[in-house]
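These notes concern the structure reproduced below.
What follows is calculated from the coordinates using simple rules that are stated; it is not laboratory data. Remember, it's a predicted structure, so these values are computed and weren't measured experimentally. With ideal geometry, Cβ positions are generated from the backbone for all residues, glycine too; neighbour counts draw on all protein chains shown.
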Amino acid sequence: MIKVISSLDLSLNQFFKKTLLSLLLTCSVLIGNAQETQWAGKIIDSSSLRPVGFAHLTVVSNGDGTSTNEKGKFTMNVSSDTVKVEISCLGYASKLIKLDTLNRKESLIYLDKAAHQLEEVVVGRRGYENPAWEIIRLAMKNADLHNFQGQEDFQYQSKMRTNIFLADINKEFTERKLIASAIKRMEAIDSLKKDDNGKLLIPMYVAHSEQKVSYNAKGRAEDRDQFYYKEAFLGPEFENQFKEGLDNEKTTVNFYQHWLRFLRYDFASPLNPSFKNFYDFELVTYEEIDEDWCYKINYIPRRENDQTFGGTIWITDEDKGFAIKKVYAEIGRKSPLNFIDSITVEQKMAPLDTTQIWFPYQQNIKMWVGGKLKENWQKFLVDIETENTFLTQDSTINFEEVDTTTFAMIDTVKQMPTVKSAAKIADIGVTGYYRMGGFDFGPLTVLYAQNNVEEHRIQVGGLTNTQWNKNLIGGGYVAYGTNDQEWKWGAMAKYILNHDTWTFLYARAQHSLQRLGGGITYPGQDPYLWISQAWGTYSNPYYLDEAKLIAGTYITEGIQLRGQFTYKDENYFATELTDTLAFSNITTAEVGGSIIFDFGKRYVSSRHLNRYVAANGKLPTISLSYQRGLPSVLGATDSYHKVEFNLSHRFKLGAIGRLDYVVSSGWTPSTVPFPLLFVHRGNNLRYIYSGSSYNLMGFGEFMSDQYASLRMFHHFEGLVLNRLPLLKKWNAKTFVLSNILWGSVSEANQTANVNPWDENSTSFGSLDPSTPYVEVGGGVENIFRMVKVMFIYRATYQENASRKYGIMFAITPEF
């Protein structure tokens, strides 16, 4: 009996346990399903992606519901994942949805226009309006609020890493003895990167910089405090000369600008006021990017050869003021850029602190270079990655340890003898000097020259470089002419006191052969410019004894002051071309000063401490100078005053191209020998065009004591030839140019320079004040990616001209 009861108790116990457990599970499910949860979302038009305001959402089972606000957003409580909700709005087709098919956190729901409503819209309008256009217009309307180069000051930390790889290499190339050996050395350090197709990327150059940047809205300029820089190059040593030129200010792309400059070309931004002329737009979707809802818009160039991008832009909705959130932009192979296969830009933006300014916190630029010359050639991949961090008043600079793997790879390959030889040859071609450690022998371009005065000229010399001393360089040359049997020499030195403000002292002295109107040659000048001055026929030649001192500094960003003292003793002599010497000697002692405005320009300095423009600013470059001739100082014979003004600028003229122009003027009230007047520079090279000369004017042909000039060179950038189907594939471009010079000579200077053999004429040529010197022309550039061919016509002063027109060439490789 006890056993029976015990068995029954056990059975009941098991029964109640199972029953109670089932009841508890059932109740928990019922209770869980009975709990209401909040559902949020946004309803948009499936065609325009614009918010649908005041749409009704109704739960089918019980009639509960809500409506969207004017921005299409809603929240409502629901009690079952399987609940059905009907969405309706006037003018739209109703939609029945089940919650279990949607993202419960935040749903995006599309409504289609009702068929009759669509018909009404089309009939009631004169034409189709692309829905993306309105979003682009709103982004442009709010550009001043969101543009990071706008009206507010801010600071940020920037980290930039630049890599140049040898890319798109095939198996045969990697199996070459030199390449295979280089790859083996690199992979002994670490595995090489590969591209998307699995091909090796061989590093050729790497640079890493970190800097604190302060943006000044009033001056629209950035002040950079670079606290780290390191570079390595599998080629000639640049001694960090890209440290100043390759910075984040010049590599950060601002898509709020109407025109974006890439390698001296201006490309139309998707937010250009004439966007419909350059692009076709497609509104793709409405999606969330880093918690910001954005309109995704594709933009496609209307003409492949135009200076345009193709890609995608994400623009925030009205909640964030239609700001640019993200951009992907690509310049394709058919663009007018030379040597560049393609360029891609990927950029992400975020608001700065609590302001409405949106700043690029991530950016990656990739350029594939070289394939346009020959498609199956190996290419170079330039990869520039930038990471920016906004700094508040309480922020501190965060310096992270730099990955030195690529630096080590390049350094080990540079020790290979064949690589050293190749780098040496490349260095000679770029600099014109043969490098021997801290000393450069040359320039090699003028070791030998021929002219009518010296007949055969032999010259040797050299300069120290920054490997010897990073702040001081010096050097000189000696030369001898077999015909005049005269030794010439020159010496110079330059010392940089402060690299940031470019505070320097410069000194030179020389005894040299010069020609009037050809520019003065001097030790340390551009080796390739020296060629045209050393060769050819000298008219009005003279021997020059010169001593010169110059000091200069930037007193603030974009404003440079210079002062100088120059002593010159010029001894003129007759040749078979010169029989009207009014004098044989002129001695001057001159002090002078200048102020230069070059806002926005960026420079790089060479190993000879010469500076070159790396990037131009938007504003014109302006210089104003004054020279005073001091009589009786060091035997000087002449007293005079001279003032000169120069303005140069390049700007975009919309779709019709870009214009380069230079305005110059000068004035002296003094009575002086004619070599001390303003001698206008001619060109003695019959077929070679010079951008700084009057190309159909002879050396020393015209002089003035007051003048004004205007030089204009307009590039049509493919505007004409890109529209011609048979010619656009050549990527050639047309241009026009004009050089206009107004000048005159006072009666006092004419009297002081009377021709000894003809009292009715002067010893020099001058311009009629009522008739300017004019030469005009035009031609085609970008032939074979680097050649200009032009026809130039001398429109005035033709009577005694050596030539009235000319066909000239220029080799100007440009990207």
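Please list the non-local residues whose amide H lies under 5 Å from the amide H of Y279, H modeled 1.01 Å from N, same-chain partners needing a gap of 5 or more.
R302
For a 21 Å ceiling on Cα separation, which of these pairs sit above it: K334/K366; K326/K379; K98/K296; K366/K424?
Exceeds cut-off: K326/K379; K98/K296; K366/K424.
Work out how much length V789 to R185 would gain on full extension: take 0.36 nm times their residue separation and subtract the Cα-Cα distance, in nm to one decimal.
Using 0.36 nm per residue and subtracting the Cα-Cα distance, I get 212.8 nm.
Based on the Cβ-Cβ distance of D196 and R628, what FRET efficiency does E = 1/(1 + (r/R0)^6) give at R0 = 60 Å, to the nearest 0.05? Can you show the working numbers first?
Details: r = 65 Å, r/R0 = 1.08.
Computed FRET efficiency for D196 and R628 comes out at 0.40.
Which residues' amide hydrogens lie under 5 Å from the amide hydrogen of R261, considering only partners 5 or more residues apart or on another chain, with H built in the peptide plane?
Under 5 Å from the amide H of R261: F267.
Would you mind working out the magnitude of the charge dipole of the range 649-815 relative to its Cα centre, with +1 at each Lys and Arg C-beta and -1 at each Asp and Glu C-beta, to the nearest 20 Debye?
So the magnitude is around 1240 debye.
Shape call for the range 614-751 from the C-alpha gyration tensor, a ≥ b ≥ c root eigenvalues: rounded (a/c under 1.5), prolate (a/b greater than b/c) or oblate? Don't skip to the answer; put the middle values down first.
On the way: a/c = 3.28, a/b = 2.27, b/c = 1.45.
Prolate.
When the Karplus curve 6.51 cos²θ - 1.76 cosθ + 1.60 is applied with θ = phi - 60°, which whole-Hz ³J(HN,Hα) does each residue of the range 586-595 get, with x for Gly and Pro?
For the range 586-595, the Karplus curve yields 9, 10, 9, 10, 10, 10, x, x, 8, 10 Hz.
Under a plain spin-label model, where a point goes 7 Å from the Cα along Cα-to-Cβ, how far apart in nm are Q149 and L719?
Between Q149 and L719, the simple spin-label model gives 2.3 nm.
With θ set to phi - 60° and the Karplus curve 6.51 cos²θ - 1.76 cosθ + 1.60, what are the ³J(HN,Hα) couplings of the range 600-610 in order, to the nearest whole Hz, using x for Gly and Pro?
Values per residue, Gly and Pro as x: x, 6, 10, 10, 10, 10, 7, 6, 9, 6, 8 Hz.
How do the peptides 179-187, 317-325 rank, highest first, by the average count of neighbouring beta carbon atoms within 10 Å per residue?
On the way: 179-187: 16.0, 317-325: 19.9.
Going by the mean number of other Cβ atoms within 10 Å, highest first, we get 317-325, 179-187.
Suppose the chain between R803 and N452 were pulled fully straight at 0.36 nm per residue; how much longer would it get relative to their current alpha carbon spacing?
Details: separation 351, 0.36 × 351 = 126.36 nm, distance 2.11 nm.
Extending this stretch completely gives an extra 124.3 nm.
Sort 560-569, 48-57 for me by packing, meaning the mean count of neighbouring Cβ atoms within 10 Å per residue, highest on top. Don't skip to the end; give the middle numbers.
Numbers: 560-569: 16.9, 48-57: 18.6.
With the highest mean Cβ count within 10 Å placed first, the list reads 48-57, 560-569.
Sorted by average packing, counted as other Cβ atoms within 10 angstrom per residue and highest first, what order do 708-716, 190-198 take?
So the order, starting with the most tightly packed, is 708-716, 190-198.
For W468 and Q257, calculate 0.36 nm times their separation in residues minus their Cα-Cα distance, and state this gained length in nm to one decimal.
Numbers: separation 211, 0.36 × 211 = 75.96 nm, distance 4.38 nm.
Net length gain for the segment: 71.6 nm.
Could you tell me which trypsin sites (Lys or Arg not before Pro) in the range 328-360 are loop residues by DSSP with no more than 16 other beta carbons within 10 angstrom of their beta carbon?
When the trypsin sites (Lys or Arg not before Pro) of the range 328-360 are filtered for loop state and at most 16 Cβ neighbours within 10 Å, R333 remain.
Loop-only GluC sites (Glu not before Pro) in the range 268-316, please: DSSP not H, G, I, E or B, and at most 16 other Cβ atoms within 10 Å.
E291, E304
Compute the distance in nm between two label points, each set 7 Å from the Cα along the Cα-to-Cβ direction, one at T418 and one at T75.
7.0
Give the long-range amide H neighbours of Q362: residues separated by 5 or more places, or on another chain, with amide H under 5 Å away, using H modelled in the peptide plane at 1.01 Å from N.
Amide H neighbours of Q362, under 5 Å, 5+ apart: K348, N388.
Quick one: 3J(HN,Hα) in Hz for the range 536-543, Karplus 6.51/-1.76/1.60 with θ = phi - 60°, rounded, Gly and Pro as x.
Values per residue, Gly and Pro as x: x, 9, 8, 9, 6, x, 7, 8 Hz.
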